[in-house]
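Data block below; observations after.
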Amino acid sequence: MRYALRSLARSPGFSALVVLTLALGIGANTAVFSVLRGVLLRPLPHDDGDRLMYVRQSAELIGLDNALFSVPEIVDYREASTSLTGFAEFSQMQFNMLGGERPVQVEAGIVTGNYFEVMGLEAVIGRTLTPDDDGPEADPVMMLTWDYWQNQFGGDPGVLGQVLRMNGRSVTVVGVAEPAPPFPGDTDILVNMVTSPHHLDASMVHGRSHRMTEVFARLAPGATVEGAQAEVDAIAARVHADHRDAYDPGAGYELRVTPLRDALTAEARQTLWLLMAIAALVLLTACANVGNLVLARFLEREREITMRWALGAGRARLRRLLLGETAILAVAGAGLGLVFAYGGLDLLVGFARRYTARATEIQIDGTVLAFTLFVATGSALAFAFAPSLRSSAGAGLALLRTGSKASSTGQRLQRGLIVAQVAAAVTVLTAGGLLTRTLLELNAVDTGVQVENTITMQVPADQGGGTAMEILRMQEGMRDRIASLPGVEAVGVGLNVPLRPSGVLLEIKAEGYPARPGTPPFLAEYRTATPQYFDAAGMHIVAGRGIESTDEAGGAPVAVLNEALAGRLFGEDDPLGQRVAWTGDVLQFIGMEGGWMRVVGVVNNTSDDGPMEAPPPAVYQPLAQNEMGYFPGGFVIRANDAASLVPDAERIFMEMAPNSPVEDVATLQQIRDETIASQRLNAFLVGAFGLLALVIAAVGIAGVLAFLVTRRTTEIGIRMSLGAAKREVVGMVVADGGRLLAAGVGAGLVGSLVVARLLEGLLFGIPPVDPVTFAVVSALMVGVGLVACAVPARRAASVDPLVAMREE
């Protein structure tokens, strides 16, 4: 080992380049594997988490991937199932919470008392909720999630016993839950049913169509996922037959039993495995480059090594010599790679957070370190044994007799490694190019709003803060005061802000346009708006008019449809003057009558589900005619300098609605950027890996050609002494590199075809086999490769024939 260190110290440039190249490849793989390990491979923190199931009901034919459950449905499955136990209930709602320095909006999970037992979670301080907390006589209590406790209360154990106000009710903090990935959405607090009066209402308890609850269960002892799925399918068939009025046959209701671990990572799985494959290609490029460097050094030392063999050193001893050197380089590369991995971990955690709640579990732990050691060991063994495999007694004697410095076997191996480098680089670059093209296409989508100079914020009304009419007047008063601020051009208030869905989907019908028998009911988003809402958002009226100040409570009910809904309901007919109405059993549960509304206008579509999805059909009703009694307070403000108005707007809100939090302050540009943030990160990460592979491949090409030029110095000198011009020598070297490039690009394009098909689900606006991307990547690789050929080509052209032949 001491000899290996001295040998490497005599070649500092070689050693530094190998360590850096390995560090880049190993670092990328370590960072990505840490994400893969934390998200896909690590066991759940829940007790016996592999037996924890997520039960989902869907109605795909009407566009409901998650139709949720009603209480009567849950009772049916709980009583009939023998494969699943527990059936814990979880409903997600937003509450205004008072008790701190200022009001805040919290994401609340309303759960049954058996929730923590089923989920296999404990309290880190205090206690969990239990079945004693169920029922109308229980006291309202809450548990904080670990993250919310840390972020909002600084981990203060004194929070236990605090009484906080939520929507007019006093709720006592009884515990803090142990850390666990939130699912199905971010959750701040967990409360018992009595905290939400609606959950104890008769319509909730007995309404089979009143679906707003998620279900978690556990596999019974001896049960399997497949068996549980078959059982719930049979139960569902009986339930649907017994309650035909609650299950429209055109909706396609079905249940799916999924391990919670799989449900948590469903959106992340494909993307992370693809990212791991791309990182592996970068490592392949790095290893091929290092292999070339090691092989070149071996060929330069071939006379020395052959002399050692001739003097009695066996092949095993020579391999140990090479292994010692490469082991030192691999360990150094792995160490530096870990530094790189730590440096890039936050970026990858942010990337993973957009796909799964398990991103909080990502860390570089013992398993990740073992993976890094495995990669480094494999690299060291490959670099040590590959060169020595071509050595033989016959080759050694021939070298001693002839003194030749040429090694055709070694050169073929070097060329093969270059082709592999180029192929891997082209494959990764193509993946990055396709994702970048997708990002460009998404940026070009017309979202239907004017994002410049517009800011939005949510000011949800305190549900215990007055009657619906009082809340309406308060929000209208806040709107008018903000409109009077200098520079304000328009202010609107609605159920939601543009580019974000309202989250309220209801069945809708059109008078005189009955649905065909057997077709599923049609759903649309329920929205509200004040006059100037469309102006503030930069939307435009396509036909008729928008919401006006004369559209008051108690007046003639009116509605403005977006283009998607107007086309769906009326086709080519004129929607103006037609009548539409909300329908379905759910209306009785949310206090809506579902009377007819006259269509007075059609407004343009907006990309509220993101630019990759079709605009959702939507109805805008006047805020003054809001039937739900639900006022989330989505304010939209257009001004010359909208961002500068935020302090004044917040002051007005605090003065007029002291119990209402100000949440989600963002410009429309920020919201638009957020809708494609995942695609931007995809393009950035894969593109960065592609550029890294490109640079490594270019360095490899230049290095190998430079080495080959050195080996062919005598040949070049003879050619030039016989009259070969410098340009011919340059052409010879460039042609040599060009052949390697052509072979590598060809192989890379074949690999790109495979990767493109795997990426298909992540692409938008372009085909997987995109000719533009493939052509640009090929041209880029060839261009950079030819530039890399230029340095050794110029060196070859500068050879002095006399000096070259004298050296030989």
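Values in this text are rule-based calculations from the coordinates and carry no lab data. Being a predicted model, the structure only gives us computed values, none of them experimental. No Cβ is skipped: glycine too gets one built from the backbone with ideal geometry, and neighbour counts run over all protein chains shown.
So how strong a dipole does region 65-250 carry about its Cα centre when Lys and Arg Cβ are +1 and Asp and Glu Cβ are -1, to the nearest 20 debye?
On the way: 10 positive and 27 negative charges, 59 e Å.
So the dipole magnitude of region 65-250 works out to roughly 280 debye.
Hey, fewest Cβ within 10 Å first, where do MET469, MET143, MET628, MET212 land in order?
Ascending Cβ contact count within 10 Å gives the list MET469, MET628, MET212, MET143.
Using alpha carbon centroids, what distance separates region 15-40 and region 318-379, in Å?
Cα centroid of region 15-40 versus Cα centroid of region 318-379: 4 Å apart.
Can you give me the distance in nm between label points at ARG10 and ASP47, each placed 7 Å from the Cα along the Cα-to-Cβ direction?
Going by the 7 Å Cα→Cβ label model, 6.5 nm.
Once amide H atoms are built 1.01 Å from N in the peptide plane, which residues 5 or more positions from THR213, or in another chain, come under 5 Å H to H?
Those qualifying (amide H under 5 Å, at least 5 residues apart or on another chain) are PHE69.
Would you order HIS199, HIS206, HIS243 from fewest to most other beta-carbon atoms within 10 Å of each residue's own beta-carbon?
Ordered by Cβ neighbours within 10 Å, fewest first: HIS206, HIS243, HIS199.
Mind computing the radius of gyration and Dmax over the alpha-carbon atoms of the chain? Å is fine for both.
Both quantities, over Cα of the chain: 33.8, 108 Å.
With unit charges on the beta carbon (Lys/Arg positive, Asp/Glu negative), name the residue among VAL368, LEU645, GLY291 whose Cα is farthest towards the positive pole of the charge dipole of the chain.
GLY291
Is the C-alpha gyration tensor of region 460-660 telling us rounded, prolate or oblate? Criteria: a/c under 1.5 is rounded; beyond that, a/b larger than b/c is prolate, otherwise oblate.
Cα axes put region 460-660 in the prolate bin.
For region 534-551, in order, what is each residue's ³J(HN,Hα) by Karplus, 6.51 cos²θ - 1.76 cosθ + 1.60 with θ = phi - 60°, in whole Hz (x at glycine and Pro)?
Going residue by residue, I get 5, 5, 5, 7, x, 8, 9, 7, 7, 8, x, 9, x, 6, 10, 5, 7, 7 Hz, with x marking Gly and Pro.
For a quick check of your reading of the filter: which GluC sites (Glu not before Pro) in region 423-508 sit in a DSSP loop and have no more than 12 other Cβ atoms within 10 Å?
GLU452
Can you work out the FRET efficiency for the pair ARG78 and THR583, with r the C-beta to C-beta distance and R0 = 25 Å, to the nearest 0.05? Could you put the intermediate results ahead of the total?
Numbers: r = 30 Å, r/R0 = 1.21.
About 0.25, to the nearest 0.05.
So, with +1 on the Cβ of K and R and -1 on the Cβ of D and E, and no other charges, what is the size of the charge dipole of the chain about its Cα centre, to the nearest 20 debye?
6720
Taking amide hydrogens as modeled 1.01 Å from N in the peptide plane, which residues meet the under 5 Å criterion relative to VAL558, leaving out close sequence neighbours?
Under 5 Å from the amide H of VAL558: ARG598.
Nearest 500 deg cm²/dmol is fine: what mean residue ellipticity at 222 nm does the chain get from its DSSP H runs of n ≥ 4 alone, each adding -39,500 (n - 2.57), divided by its residue count?
Details: 25 runs with 398 residues, N = 808.
When only DSSP H runs of four or more count, the value is -16500 deg cm²/dmol.
Taking the highest mean first, how do the peptides 271-277, 556-562 order by number of other beta carbon atoms within 10 angstrom per residue?
Values: 271-277: 19.0, 556-562: 23.3.
The peptides rank, most packed first, as 556-562, 271-277.
Could you give me the ³J(HN,Hα) list for region 84-89, computed from phi with Karplus coefficients 6.51, -1.76, 1.60 and θ = phi - 60°, whole Hz, x at Gly and Pro?
Karplus-based 3J(HN,Hα) across region 84-89 equals 10, 10, x, 6, 6, 9 Hz.
Would you mind pulling out the separation of the Cα centroids of region 476-512 and region 235-277, in Å?
34
Name the residue farthest towards the positive end of the dipole of the chain from the options THR195, PRO182, VAL662, assuming +1 on Cβ of Lys and Arg, -1 on Cβ of Asp and Glu, about the Cα centre.
With unit charges placed on the Cβ atoms, the residue in question is PRO182.
Using +1 at the Cβ of each Lys and Arg and -1 at the Cβ of each Asp and Glu in region 24-140, identify which of ILE125, PHE33, SER70 lies farthest towards the dipole's positive end.
Ranked along the dipole, the leading option is PHE33.
Using each residue's phi in region 594-605, evaluate 6.51 cos²θ - 1.76 cosθ + 1.60 at θ = phi - 60° and report the 3J(HN,Hα) Karplus result to the nearest Hz, with x for Gly and Pro.
Listing the rounded values in order: x, x, 6, 10, 7, 6, 10, x, 10, 10, 5, 6 Hz.
With all pairs of different alpha carbon atoms counted, what Kirkwood hydrodynamic radius in Å does region 67-127 show?
Taking the inverse mean of 1/r over all distinct Cα pairs, region 67-127 comes out at 14.1 Å.
Can you list the residues, at least 5 places off or on another chain, whose amide H is less than 5 Å from the amide H of THR454, using H built in the peptide plane?
HN-HN under 5 Å from THR454: LEU668, GLN669.
In the chain, which whole DSSP H runs stretch at least 30 Å along their own axis (Cα) and average -1.0 or higher on the Kyte-Doolittle scale?
Flagged H segments are 12-36, 269-300, 315-353, 366-388, 408-443, 677-711, 726-758, 771-797.
Sorted from fewest to most neighbouring beta carbons within 10 Å, what does the list MET53, MET654 look like?
The most exposed by this proxy come first: MET654, MET53.
Only Lys, Arg, Asp and Glu count, each charged at its Cβ (+1, +1, -1, -1), so figure out the dipole size of region 606-662 about its Cα centre, rounded to 20 debye.
That gives a dipole near 120 debye.
What GluC sites (Glu not before Pro) in region 137-230 are in a loop by DSSP, with at most 13 other Cβ atoms within 10 Å of the Cβ?
Filter output for region 137-230: GLU137.
Output the peptides 427-433, 374-380 sorted from most to least packed, where packing is the average of other Cβ atoms within 10 Å over each peptide's residues.
Going from most to least packed, we get 427-433, 374-380.
Given Cα positions, please report Rg to Rh for region 96-160, the hydrodynamic radius being the Kirkwood one.
Ratio value, two decimals: 0.96.
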